[in-house]
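The structure appears right after this line, and notes come after that.
The values are calculated or read from the model by the stated rules, or taken from the named source; none is laboratory data. Small disclaimer: the values here were computed from a predicted structure and weren't measured. Virtual Cβ from ideal backbone geometry, glycine too; neighbours counted across all protein chains shown. The area values use the complete protein model at the heavy-atom level, side chains included, leaving out ligands, DNA and RNA. Shrake-Rupley method; radii C 1.70, N 1.55, O 1.52, S 1.80 Å.
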Amino acid sequence: MSDRALSFGAMAQAYERFRPGYPDRLFDMVAAYAGHPLRTALEIGAGTGKATRLFARRGVAVTATEPDGAMLAELREHVPAHVRTVRAAFEDVPSGERYGLVYAAAALHWTRAEGRWSRVAGLLEPGGVFASFGGPFRLADPAVEEAVRAARAPFLESDEVPSPDGTPPGNDMQWPGTELQRSEWFTDVRQDLITRRLRLSSGDYVGHLSTVSAYLVLPAPVRERLFGRIARVLPETVEVDADLTVHLARRRPER
């Protein structure tokens, strides 16, 4: 997983171009859960700042952390000047400062499991909010999805990241909600869904695949051959289900 986690920098500009942003209703969901104005936030694995922009433009003072220098450089090109940036993996983020919100946008699964929740709790004010959101990017047409799966099969069985704690896909509560429910640090764990369907050109869909870690860790010649196979089975435009599963939890008051 570490190779996949650190594979994005080479495609930072493509990541910015092909990855979708986040809708205003996501911020509204997090803010409603918090129940009070969100003033400060720490972002885990900010990438090129897709989620950073959402929270920053709604008045939150965001500290965006990201371990990859190329991704962080791309982020700085797109976020408001008041966003503070820190080049660090989550495990290396300096402790001491506390925030009203700690959040991760499609990045939490790259953090180390050991000590994850005590570190998050240590960065939150008592009663502060943790949020994690993301989800798979799946072709909506089953026939097109099957054609792509068959084209991919000789190279990759799947391009998705498996649940870090082994929670089955059909479980009512998905990861990280499952871990949050077991954690001594958090309470009021919730899981919500924001449905999204996007229409993309076939070229933009393959462009999105070029930012996915499962492909990025393949040797370049293999990757390009695979993208060619996938492109040949795609129609001119595709519809993609890009639903966001949102997990929210509140830091327990300190004893």
Report the net charge of residues surrounding E125, where surrounding means a beta-carbon distance below 13 angstrom and charges are Lys +1, Arg +1, Asp -1, Glu -1. +3
On the formula 1/(1 + (r/R0)^6), with r taken between the Cβ atoms of D241 and A153 and R0 of 22 Å, the FRET efficiency rounded to 0.05 is 0.55
Classify region 186-229 as rounded, prolate or oblate from the Cα gyration tensor: take a ≥ b ≥ c as the square roots of its eigenvalues, call it rounded if a/c is under 1.5, otherwise prolate when a/b beats b/c and oblate if not. oblate
Given a cut-off of under 8 Å on Cα pairs at least six residues apart, what relative contact order in percent is computed for the chain? 23 percent
Mind checking which of T111, T178, P164 is farthest towards the positive end of region 92-185's charge dipole, using Cβ charges of +1 (Lys, Arg) and -1 (Asp, Glu) about the Cα centre? T111
Among A70, V144, A131, whose Cα lies farthest out toward the positive end of the dipole of region 1-156, if unit charges sit on the beta carbon of Lys, Arg (+1) and Asp, Glu (-1)? A131
Rel. contact order, % - alpha carbon contacts under 8 angstrom, at least six apart, region 74-159: 28 percent
Please sort by residue number the GluC sites (Glu not before Pro) in region 1-108 whose DSSP state is loop and whose Cβ has at most 12 other Cβ atoms within 10 Å. E77, E97
To the nearest 0.05, what FRET efficiency results for E91 and N171 with a Förster distance of 25 Å applied to their C-beta separation? 0.40
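What full-extension length gain, to one decimal in nm, is calculated for R232 and A61 as 0.36 nm per residue of separation minus the Cα-Cα distance?
Extra length from R232 to A61 when fully extended: 57.1 nm.
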In Å², what does the accessible area per residue of the chain work out to with a 1.4 Å probe? 48 Å²
Given only helices, namely DSSP H runs of n ≥ 4 each adding -39500 (n - 2.57), what is the per-residue ellipticity at 222 nm of the chain, to the nearest 500 deg cm²/dmol? -9000 deg cm²/dmol
Using a/c under 1.5 as the rounded threshold, could you call region 8-135 rounded, prolate or oblate? The axes a ≥ b ≥ c are square roots of the C-alpha gyration tensor eigenvalues, and prolate needs a/b larger than b/c, oblate otherwise. oblate
Long-range amide H partners of A131 with built H, under 5 Å: V102, Y103, A104
Give the relative contact order (percent, whole number) for region 126-207; include only Cα pairs under 8 Å separated by 6+ residues. 15 percent
For the chain, the percent of accessible surface on carbon and sulfur atoms (probe 1.4 angstrom, ligands and nucleic acids excluded) is 49 percent
Could you derive backbone 3J(HN,Hα) for region 91-97 from the dihedral phi with the Karplus parameters 6.51, -1.76 and 1.60 (θ = phi - 60°), listing whole Hz in sequence and x where the residue is Gly or Pro? 5, 9, 5, x, 8, x, 7
If every Lys and Arg gets +1 and every Asp and Glu gets -1 at its Cβ, then about the Cα centre region 1-109 yields a dipole, in debye to the nearest 20, of 360 debye
